[in-house]
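Take a look at the structure set out below.
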Amino acid sequence: MRSLIGGHDLLLVTLDTLRYDVAVAEAAAGRTPNLARALPGGRWERRHSPASFTYAAHHAFFAGFLPTPAGPGRHERLYAAAFPGSETSGAETWVFDEPDLPTALAGVGYHTLCLGGVGFFNRHSPLGAVLPGLFAEAHWESEFGVTSPTCLDAQLDRLAEVLPRVPATRPLFTFLNVAAMHQPNRHHLPGAEVDSLASHTAALRYVDGRIDRLFNLVTGRGRPVFTIICSDHGTAYGEDGHTGHRIGHDVVWTVPYAHFTLRPGEW
């Protein structure tokens with residue numbers, strides 16, 4: 001990633017709470033064609049999240065600890081906040097002295113933009129202000145959140161509004177946290193009265209139907225966009241008696257991940 005800094009825009013999308021098994025099954029069945037088109041080889045990579053809930057996972061992501069490849073080994077990271085004793089920074093790792101990615105990118109000329117989704121990006125509370133406070137520009141409203149059946153549409157409407165204000169000559173880091181898969185998600189499945197794996201899956205299909213618009217928007221500035229898209233954690237729907245996350249279960253720790261470069265005119 002080090003060689004891309006300055007020459008590429010950057011996009012980090014967290015599909016909040018998306019389960020790996022759901023993402024893989026939907027891609028294999030052809031029910032998420034827009035995501036599959038972007039994924040290398042049309043497939044998600046199996047990785048392990050550094051945390052079991054949104055707040056902790058995103059602190060790790062912004063420090064350079066993205067989901068770790070599931071296979072054994074010392075895996076070189078894309079970017080990293082410098083600290084003594086780090087053993088996973090390599091020749092292509094972009095290492096910075098700042099404590100987090102948005103601050104580091106701002107220091108080398110990027111405009112940093114946050115479009116929050118779940119409540120940890122709601123700046124109406126001191127806790128909710130921490131993560132968006134890392135960015136030069138941050139947006140959140142209830143229509144972006146977990147109770148909205150059109151949450152991603154609302155976020156993309158805002159993105160379309162703010163992008164023209166960023167000079168085309170200035171590199172841009174866009175962070176988007178998508179809330180659709182997080183409970184409550186029953187509103188994505190017609191007739192559903194409770195959240196379930198089926199409504200979680202329906203929420204992913206809703207997101208896939210909008211992801212091409214996201215890619216069109218970010219590449220519309222005429223710059224290549226290095227893109228990271230992943231879940232921050234999964235969630236349980238009754239497995240071994242568990243419901244939700246912030247627990248040490250495989251359906252929570254195992255997440256889908258991909259990175260790739262979007263180019264103008266491809267979408």
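The values are calculated or read from the model by the stated rules, or taken from the named source; none is laboratory data. Being a predicted model, the structure only gives us computed values, none of them experimental. All Cβ positions, even for glycine, are placed from backbone atoms using ideal geometry, and neighbour counts span all protein chains on display. Calculation scope for accessible area: heavy atoms of the full protein, side chains included, ligands and nucleic acids excluded. Shrake-Rupley method; radii C 1.70, N 1.55, O 1.52, S 1.80 Å.
Under a Gaussian network description of the chain, with springs only between Cα atoms under 10 Å, the residue in Gly85, Gly222, Gly73 that fluctuates furthest is Gly85.
The antiparallel fraction among DSSP beta bridges confined to the chain stands at about 35%. Our summary gives region 88-214 a relative contact order of 23 percent, counting only alpha carbon pairs under 8 angstrom and 6 or more residues apart.
Distance between the 7 Å Cα→Cβ label points at Thr68 and Asp21: 2.3 nm. Taking every alpha-carbon pair under 8 Å whose residues sit at least 6 apart, region 19-73 reaches a relative contact order of 27 percent. Which of the three applies to region 192-267, rounded, prolate or oblate, going by the alpha-carbon gyration tensor with a ≥ b ≥ c and a/c under 1.5 meaning rounded? Verdict is oblate for region 192-267.
Per residue, the convex hull around the alpha carbon atoms of region 36-111 comes to 142 Å³. For the chain, modelled as a GNM whose springs connect Cα atoms under 10 angstrom apart, the maximal fluctuation among Asn122, Asn216, Asn177 occurs at Asn216. Remark: C-alpha extents of region 45-166 on the principal axes read 41, 31, 28 Å, sorted largest to smallest. Size of region 128-250 from its Cα atoms: along the principal axes, largest to smallest, the extents are 52, 30, 25 Å. Just to be sure I follow: if Rg is taken over the C-alpha atoms of the chain and Rh is the Kirkwood radius over the same atoms, what is Rg/Rh? Here the Rg-to-Rh quotient is 0.94. Using C-alpha pairs under 8 Å with a sequence gap of at least 6, the mean separation divided by the residue count of the chain gives a relative contact order of 31 percent. For the residues Tyr79, Tyr55, a 1.4 Å probe over the protein chains yields an accessible-area ranking, largest first, of Tyr55, Tyr79.
When the chain is treated as a GNM with alpha-carbon contacts under 10 Å, the residue of Val166, Val146, Val178 showing the greatest mean-square fluctuation is Val166.
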